[in-house]
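Every read-out reported here was derived from the displayed coordinates using simple, explicitly stated rules and does not represent laboratory data. Because the structure is predicted, anything quoted here is derived from the model rather than measured. Here the Cβ positions follow ideal geometry from the backbone for every residue, glycine too, while neighbour counts run over all protein chains shown.
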């Protein structure tokens, strides 16, 4: 009788990234033939509570949480364009299914759930243009990969293991190059 160790294939992380919020790009809603717009101001996240934000599919509480800021499987990165997310999806049936659908392009948009900070004039409405501007978000409740977004300029895509490794190598080379430049400047 022979006993051998059986090793599982190397686990590949399922990383998705994209924009859940795009600043100054309107969502357009049609209510009975009349168009209304909503815009998220560049400063809307300045005081927003983003301490414990889950990543979901279609904002559903009926599907397991896919990633979360609290355990650092979800990163929320505010930049000039909006709120960029990077999530390492859970290795569950739901996580693998969502990753596959994102990778295939069936799901390619995002959304976010939030409350406006009404205590600090968190929004304003222009009746002439029918545009609501969100000026201050109080809390981000979740970010989600969605079938049908309110904000069509959002995006999400899957990153392959090899792309992630290449990015890590590029960042390491960039750091080494910067370090060399600093050393040269000191001489």
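The ranking of 107, 77, 137, 184 from fewest to most other beta carbons within 10 Å of each one's beta carbon is 184, 77, 107, 137.
The relative contact order of the stretch 15-159 comes to 37 percent, based on Cα pairs under 8 Å that sit 6 or more residues apart.
Cut-off 20 Å, label point 7 angstrom out along Cα-to-Cβ of residue 12: give me the residues of the stretch 77-119 whose amide nitrogen falls inside. Backbone N within reach: 86-108. If the segment from residue 35 to residue 72 were pulled out straight at 0.36 nm per residue, it would be longer than the present Cα-Cα gap by 9.4 nm. Contact order for the stretch 39-96, expressed relative to its length and based on alpha carbon pairs under 8 Å spaced 6+ residues apart, stands at 25 percent.
Relative to the current alpha-carbon distance between residue 93 and residue 147, full extension at 0.36 nm per residue lengthens the span by 17.6 nm. Size check on the stretch 15-159: the Cα extents along the three principal axes, sorted descending, read 48, 34, 28 Å.
Largest first, the extents of the alpha carbon coordinates of the stretch 90-139 on the three principal axes equal 45, 24, 10 Å. Fewest-first ordering of 46, 117 by other beta carbons within 10 Å of each residue's beta carbon gives 46, 117.
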